[in-house]
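Reading through the structure tokens given below for one structure.
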Amino acid sequence: METIKKKFSQELNRCLKIKYKKRLKNSEFATFYNLNFTRSITSETARKWLLGISVPNVSVMKDLAHWLDMNLSDLFNKAPIKKSIAPKKMPHD
């Protein structure tokens, strides 16, 4: 779960910086969020998301992804494990 929190925070901060051309304060992010959605958040909730202390529920994540063009698929996919596979030996006729 800690990895998801960290990745979500990084992606959220990156997308907000792209959209608003600066790093937003907690209160600024909460205000922009509240203007765009019927659910509202406090600046404390915004702080927790921005710092990776907590993450919103999945439906809020989807709203944020749509609003900020975030790629959330990376948050839930584990990095592929690279295995070296030796080629199979073919029997000689």
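Bear in mind that the values in this text are calculations on the coordinates, not laboratory data. What you see is a predicted model, and the numbers here were worked out from it, not measured in a lab. Note that each Cβ is placed from the backbone with ideal geometry, even for glycine, and that neighbours are counted across all protein chains shown.
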Listing Ile41, Ile53 from the residue with the fewest other Cβ atoms within 10 Å to the one with the most, what is the order? Ile53, Ile41
Need one number: nm distance between label points at Arg39 and Thr3, each 7 Å from Cα along Cα→Cβ, rounded to one decimal. 2.5 nm
